[in-house]
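For reference, the structure is listed below as structure tokens.
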Amino acid sequence: MSIASIKKSPRPVKVHVRLAIKADIPAVQKIYAHYVRSTTASFEEEPPTVAEMTTRWQRILDHKLPYLVAIKGKRVVGYAFACPFRERSGYRYTIEDSVYVNPDYLGRNVGNTLLSELIKYCTDVGFRQMIAVIGDSTNAASLALHSRHGFFVVGALGSTCFKFGRWVDAVLMQRTLGDGDTSSSPELPNSYEKAR
Ligand SMILES: CC(C)(COP(=O)(O)OP(=O)(O)OC[C@H]1O[C@@H](n2cnc3c(N)ncnc32)[C@H](O)[C@@H]1OP(=O)(O)O)[C@@H](O)C(=O)NCCC(=O)NCCS
């Protein structure tokens with residue numbers, strides 16, 4: 001199924017968003033594996049195992065950063081997390097987002113709900129810039145989702161990925177969080193001291 005072919009359904013689904021727990025990771029892995037196998041949204045080529053996804057989830061927790069899941073009934077229908085954009089200390093106010101929605105629930109507002117919550121969380125704890133590194137310049141859904149949430153295209157990394165026998169671009173989008181760069185003595189994000 002092509003991401004680009006999914007249009008918003010007239011029936012948005014109401015989901016509950018909460019922090020992910022370890023028991024959610026098998027469902028998260030299943031969602032991610034789908035996109036790794038069949039799309040260029042991720043530049044990975046082999047789906048990581050549940051054990052590897054659990055290690056990645058734990059790493060986000062160790063950074064005191066949010067890893068969210070969207071729940072419908074008892075089912076994980078999407079997830080989103082923030083990770084450090086770069087590890088070097090000068091980047092400490094800058095965060096990168098990722099959002100993935102179960103293919104059965106595309107176009108039903110789950111991405112919007114997850115990204116809203118992620119932005120709110122990261123703003124509240126003191127981050128100032130959020131970056132999206134979008135896999136594939138033809139990823140209309142991700143470009144639309146991020147535009148909708150105040151991101152602007154700031155560049156593209158041409159042909160930085162080779163997957164499914166073709167060269168693929170990454171598009172960089174960015175938005176300010178909270179007071180952005182208006183202060184020359186910003187408070188550290190809540191998570192920063194503990195994270196390092
Ligand atoms: C990108 C993704 C998270 C969007 O999730 P979603 O739940 O389908 O999106 P929503 O239904 O909340 O829609 C979000 C916005 O994008 C728009 N949109 C969604 N799919 C679209 C598509 N295929 N083409 C154009 N616009 C689209 C919607 O109209 C909506 O805009 P609006 O609120 O102004 O109407 C989902 O397609 C996905 O998981 N893609 C694979 C992974 C990926 O690319 N993640 C993002 C990079 S980190």
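A short reminder: the numbers here are calculations on the coordinates, not readings from a lab. For clarity, every value in this text was computed on a predicted model and none was experimentally measured. FYI the Cβ positions are ideal-geometry reconstructions off the backbone, even for glycines, and counts take in every protein chain you see.
With a cut-off of 14 Å between beta carbons, the residues surrounding VAL76 carry a summed charge of +4, where Lys and Arg count +1 and Asp and Glu -1. Highest mean packing first, where packing is the average number of other Cβ atoms within 10 Å per residue, the peptides 92-100, 152-160 line up as 92-100, 152-160.
For the pair LYS74 and VAL154, the difference between a 0.36 nm per residue extended length and the Cα-Cα distance amounts to 25.0 nm. Once the Cα-Cα distance is subtracted from the 0.36 nm per residue extended length, the GLU187 to LYS14 segment shows a gain of 58.8 nm.
Judged by the gyration tensor of its Cα atoms, with axes a ≥ b ≥ c, the range 13-177 is rounded; a/c sits under the 1.5 cut. Quick check for the chain: number of Lys pairs with alpha-carbon distance under 18 Å, counting only pairs 8 or more apart or on different chains? Close lysine pairs under the 18 Å cut-off: 11.
Place a point 7 Å from Cα of GLU45 in the direction of its Cβ. Which residues in the range 154-172 have their backbone N less than 15 Å from it? The answer is 160-168.
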